[in-house]
């Protein structure tokens with residue numbers, strides 16, 4: 001296994017882009033950290049999660065109410081992932097590291113590990129998005145082919161139909177693969193330290209937390225079959241919403257996806273690679289942007305991951321303008337529906353016999 005560093009080609013695009021965006025943000029202050037809107041949203045989404053859970057476990061008496069509340073719990077959980085966990089893990093919520101850390105720890109509530117996520121997402125994915133053989137987010141499993149470098153199997157011919165039902169398994173995958181990755185000490189080819197006692201304690205506590213709220217507490221009130229059914233519904237909803245949002249931004253026809261060259265040198269500049277491997281979607285849908293924590297502005301997020309997502313809609317026109325000046329392809333799916341269609345087409349394309 002070649003562990004030599006991957007290098008990007010030099011260029012002036014990133015410097016020009018950063019100057020333009022910093023000039024735009026200067027009057028409002030850098031980053032928009034500790035924005036009251038972010039804290040209000042965090043309280044609202046956490047409240048949504050807690051209320052849905054309490055009503056589901058302690059109040060609901062009908063199948064209809066339980067189903068609706070389990071779906072509500074799932075959408076609230078995904079909202080935690082988009083807004084608290086994701087922004088916190090990037091240090092984009094606050095000037096105070098402990099607040100960002102507290103936000104990032106909300107991933108433990110969903111079955112994942114904020115420590116593993118930091119390496120898998122912040123380090124690997126954000127440095128090498130859609131780079132086959134490096135970006136571990138592309139390695140979903142043998143039952144799906146979402147990148148040209150992956151092996152072709154007969155079952156992939158139908159993946160555009162069956163994959164939608166597998167997306168919801170993300171929390172279960174997180175739970176199990178995090179344990180495996182922690183024991184191995186690496187995510188894909190990225191090694192990470194695992195001798196920090198605090199991180200080890202948080203990791204273990206996180207793996208205890210999910211079974212407690214999802215199984216142990218509900219089992220004091222309901223039969224095992226009922227608990228398994230509605231817990232699975234909630235966790236499946238969380239996984240489905242989170243998975244689809246990522247895939248709509250990176251696994252579509254307009255997002256460049258290529259294998260790492262043998263030279264381990266990427267032909268484009270780092271910032272150019274970030275733009276051309278991502279696609280924005282539904283940029284004018286303010287409600288969706290609010291719920292997704294601005295992740296439908298995926299290009300802006302990859303270029304400025306430490307910037308509060310409240311700024312993404314404002315800097316998107318600037319990013320597009322600079323892209324036009326430098327001849328960098330900037331791709332947008334105008335609506336959520338068009339993004340879904342684009343991902344369906346990509347799954348179908350990747351599933352065709354080579």
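Please treat every number below as a calculation from the coordinates, not as lab data. Keep in mind the model is a prediction, meaning the values are calculated, not measured. We place every Cβ from the backbone using ideal geometry, glycine too, and count neighbours over all the protein chains shown.
With both labels modelled 7 Å from their Cα along Cα-to-Cβ, the residue 20 to residue 216 distance reads 5.3 nm. Residue ranges 61-67, 150-156 sort as 150-156, 61-67 when ordered by packing (mean number of other C-beta atoms within 10 Å per residue, highest first). Measuring r between the beta carbons of residue 154 and residue 34 and using R0 = 56 Å, the FRET efficiency lands at 0.60. Between 125, 302, 23, the GNM of the chain built on Cα springs shorter than 10 angstrom shows 23 fluctuating the most. Translational diffusion of segment 44-100 was estimated from the Stokes-Einstein equation, with Rh taken as the Kirkwood radius over Cα pairs; at 4 °C and 1.567 mPa s the coefficient is 105 µm²/s. In the elastic network of the chain, a GNM with C-alpha springs shorter than 10 Å, the most mobile of 326, 232, 281 is 326.
In the chain, the longest principal axis of the Cα atoms and the axis of helix 63-80 are about 40 degrees apart. The helix-based estimate of mean residue ellipticity at 222 nm for the chain, built from -39,500 (n - 2.57) per DSSP H run of four or more residues and divided by its residue count, is -16000 deg cm²/dmol to the nearest 500. Residue separation of residue 44 and residue 123 scaled by 0.36 nm, minus their Cα-Cα distance, works out to 25.5 nm of gained length. Name the residue, out of 272, 244, 59, whose mean-square fluctuation peaks in a Gaussian network model built on the chain with Cα pairs under 10 Å. Fluctuation is largest for 59. Rounded to the nearest 10 degrees, the angle from helix 336-351 to the longest Cα principal axis of the chain is 80 degrees.
When the alpha carbon gyration tensor of segment 7-351 is reduced to an equivalent ellipsoid, the three semi-axes, largest first, read 32, 24, 21 Å. Remark: 323, 93, 251 ranked as 323, 251, 93, counting other beta-carbon atoms within 10 Å and listing the fewest first. Here the Debye sum runs over all C-alpha atoms of segment 261-319 as equal scatterers in vacuum, and log10 of I(q)/I(0) at q = 0.13, 0.27 Å⁻¹ comes out as -0.37, -1.11. Sorting 314, 197, 120, 41 from the fewest to the most surrounding beta carbons within 10 angstrom yields 197, 314, 41, 120. Rounded, prolate or oblate: which fits segment 52-202, taking a ≥ b ≥ c as square roots of the Cα gyration tensor eigenvalues, rounded meaning a/c under 1.5, else prolate when a/b beats b/c? Judged from the Cα gyration tensor, segment 52-202 comes out oblate (a/c at least 1.5, b/c at or above a/b). What is the angle, in °, between the Cα long axis of helix 170-184 and the longest principal axis of the Cα atoms in the chain? Nearest 10 is fine, range 0 to 90. Helix 170-184 sits at roughly 70 degrees to that axis.
Could you work out the mean projected area of the convex hull around the alpha carbons of segment 241-354, in square nanometres to one decimal? Average projection, Cα convex hull of segment 241-354: 8.1 nm².
Taking the convex hull of the Cα atoms, report for segment 302-354 its projected area averaged over all directions, in nm². Let's see the in-between values first.
On the way: hull surface 22.0 nm².
Mean projected area for segment 302-354: 5.5 nm², to one decimal.
Shape of segment 123-192 from the C-alpha gyration tensor: oblate (a/c of 1.5 or more and a/b not above b/c, with a ≥ b ≥ c the square roots of its eigenvalues). Label point 7 Å out from residue 344 along Cα-to-Cβ: which residues of segment 149-168 have amide N under 20 Å? From segment 149-168, the list is 156-168. With contacts taken as Cα pairs under 8 Å and at least 6 residues apart, the chain reaches a relative contact order of 26 percent.
In this rough spin-label picture, where each label sits 7 Å from Cα along the Cβ direction, the residue 200-residue 324 distance is 5.6 nm.
Length gained on full extension, residue 180 to residue 352, computed as 0.36 nm times the residue gap minus the Cα-Cα distance: 58.7 nm.
Radius of gyration over Kirkwood radius for segment 150-288, both on Cα atoms: the Rg/Rh ratio is 1.03. With a simple spin-label model that places each label point 7 Å from the Cα along the Cα-to-Cβ direction, the separation between residue 58 and residue 265 comes to 6.3 nm.
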